[in-house]
Amino acid sequence: MAVSPIDPAADRRSGPAGPVGSAGPAGPVGSAGSVGSVGSAGPAGSGGSGGSAGSGGSAGPGGPLQALLWDVDGTLAETELDGHRLAFNRAFAEEGLPWRWDQATYRQLLAVSGGRERLRAFLSQLEGRPPETERIERLQSRKQAHYNQLISSGAVALREGVERVITAAAAAGLRQAIVTTSSRAAVEALLAAAPAPLGEAFSFWICGEDVDVARKKPDPQAYQLAQQRLGLAAASILVIEDSRNGLQAAHAAGLPCLVTLSRSSAAEAGAEADGDMAAALAVLDGLGSAQRPLRVLRGPACPAGRVTLAWLQQLGAGSSGTSREPPGLAAGEGQRRERGGSMMR
């Protein structure tokens, strides 16, 4: 993996992707506080009583869709390559460090979930020893400030169809929540730049701070917590993700998952023959629109050329609601396999 010196023009070459939305900052986001322990989660937002994740798992196939769980980075917006990566590069430059993560490098680093964890893995391999926690926190703090600036400047757009699907789901009474390994500050920055109704559609957030440090995606803990907060059967929930790590996390939690590949994860579709995407109900290149119809890479046809609630209901009806282990990839195995290889080649 090549690590080249800072190229001041490199950030500009990616180009701004257009504003997230034209409306003002998002309003309060329901019960976005941190969640409790796995055994004690209570009601989520206004959506009724919460029960244990296990108590809802007995529903049969074809149950009505009642909730959507949204990943953030790469799913709601192309934040990985156009946001987090550029913010890390600017933090490195501000610290006088001679590193620049190009897109190819960053795609490999995405095998490690979480910004701090990604930075720690990179420095450990580069320098041959674990970095000091204080150094990681200083770089992460600088990076977050640059990320907030990029988002507020309109450099990162919501992905095509995201606002449409969230708005339609909210109007239909579906419960929606965010499940991400990113920090709460990163989620706040993204939703503050989006139209206010978008942020208000989410009953709660499960963020990186809400799970054990060693249990970020592809570990299922975040999705287990989310199902517990919802108190719903697995068959009535649909996860929307963009990456292999996210799909593995949802699948290990026993939740049906739709994958909408992002620019940062598009190459993962080539690994489908190895079973990496076999657990997804469908794999798409996006949510689509009238102007830019989606492509179905795996799963049932989407005649409208864009994801609709009716299509999501039909997709969920084809799910058994039971856990199916991806061939050769137990929870966390994909991440361990990636970590075992060199990130500096």
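Tabulated data for the structure shown
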{"quantity": "Segment 128-155 residues that are under 24 Å from Leu191 (Cβ atoms), paired with ones that are surrounded by fewer than 15 Cβ atoms within 10 Å (Cβ to Cβ) and acidic (Asp, Glu) (beta carbon under 6 Å, 6 or more apart)", "calculated": "Arg142/Glu94"}
{"quantity": "Residue pairs meeting the criteria (Cβ under 7 Å; at least 6 apart or on separate chains; first farther than 16 Å from Ala168 by Cα, in segment 306-318; second of a type outside the set (A, V, I, L, M) and buried (at least 21 other Cβ atoms within 10 Å of the Cβ))", "calculated": "Gly316/Pro256"}
{"quantity": "Residue in segment 35-49 that is of a type outside the set (A, V, I, L, M, F, W, C) and at pLDDT 50 or above present", "calculated": "no"}
{"quantity": "Enumeration of residues in segment 210-221 that are in contact with a helix residue (DSSP H, G or I) (Cβ under 6 Å, 6 or more places away or on another chain) and in contact (Cβ under 8 Å) with a residue 12 or more places away in the chain", "calculated": "Val211, Lys217, Pro218, Pro220"}
{"quantity": "Filter pass, Ser203 being at pLDDT 95 or above, more than 21 Å from Ala317 (Cα to Cα) and among the small types (Gly, Ala, Ser)", "calculated": "yes"}
{"quantity": "Any hit, segment 219-228, residues being modelled with pLDDT of 95 or more, within 24 Å of Glu78 (Cα to Cα) and assigned to a loop (DSSP other than H, G, I, E, B)", "calculated": "yes"}
{"quantity": "Residues located in segment 65-83, provided they are among the small types (Gly, Ala, Ser) and over 10 Å from the mean Cα position of the chain (by Cα)", "calculated": "Ala67, Gly83"}
{"quantity": "Residue match in segment 159-174 (condition: at pLDDT below 95 and touching a helix residue (DSSP H, G or I) at 6+ places or on another chain (Cβ under 9 Å))", "calculated": "no"}
{"quantity": "Single residue of Glu163, Glu137 found to be within 30 Å of Ile237 (Cβ to Cβ), open to solvent by 40 Å² or more (accessible area, probe 1.4 Å) and not in a loop (DSSP other than H, G, I, E, B)", "calculated": "Glu163"}
{"quantity": "Test: residue in segment 186-194 that is surrounded by fewer than 22 Cβ atoms within 10 Å (Cβ to Cβ), touching a residue at least 12 places away in the same chain (Cβ under 8 Å) and touching a Pro at 6+ places or on another chain (Cβ under 8 Å)", "calculated": "yes"}
{"quantity": "Positions within segment 140-158 being closer than 13 Å to Leu86 by Cβ and open to solvent by 20 Å² or more (accessible area, probe 1.4 Å), in sequence order", "calculated": "Arg142, Gln144, Ala145, His146, Asn148, Gln149, Ser153"}
{"quantity": "Tally of residues being closer than 20 Å to Ala234 by Cα and open to solvent by less than 50 Å² (accessible area, probe 1.4 Å) across segment 304-316", "calculated": "5"}
{"quantity": "Filter result for Ala168 (surrounded by fewer than 18 Cβ atoms within 10 Å (Cβ to Cβ), of a type in the set (A, V, I, L, M) and touching a residue at least 60 places away in the same chain (Cβ under 8 Å))", "calculated": "yes"}
{"quantity": "Hits in segment 294-303 (condition: more than 17 Å from Ile166 (Cβ to Cβ) and surrounded by 14 or more Cβ atoms within 10 Å (Cβ to Cβ))", "calculated": "Val296, Leu297, Arg298, Gly299, Cys302"}
{"quantity": "Any chance Ala111 is surrounded by 18 or more Cβ atoms within 10 Å (Cβ to Cβ) and at pLDDT below 95", "calculated": "yes"}
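Yes/no per residue for (1) within 16 Å of the chain's Cα centre (by Cα); (2) of a type in the set (Asp, Glu); (3) part of a helix (DSSP H, G or I):
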{"site": "Phe88", "(1), (2), (3)": "no, no, yes"}
{"site": "Leu97", "(1), (2), (3)": "no, no, no"}
{"site": "Arg107", "(1), (2), (3)": "yes, no, yes"}
{"site": "Ser113", "(1), (2), (3)": "yes, no, no"}
{"site": "Arg120", "(1), (2), (3)": "no, no, yes"}
{"site": "Gln125", "(1), (2), (3)": "no, no, yes"}
{"site": "Pro131", "(1), (2), (3)": "no, no, no"}
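Yes/no per residue for (1) under 23 Å from Trp311 (Cα atoms); (2) touching a Gly at 6+ places or on another chain (Cβ under 7 Å):
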residue	(1), (2)
Ile206	no, no
Ala233	yes, yes
Ala250	yes, no
Leu284	yes, no
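The values are calculated or read from the model by the stated rules, or taken from the named source; none is laboratory data. Remember, predicted model here, so these are calculated numbers, not experimental data. Please note: Cβ atoms are built from the backbone with ideal geometry, for glycine as well, and neighbour counts cover all protein chains shown. Quick note on the areas: whole protein, heavy atoms, side chains included, nothing else; ligands and nucleic acids left out. Shrake-Rupley method; radii C 1.70, N 1.55, O 1.52, S 1.80 Å.
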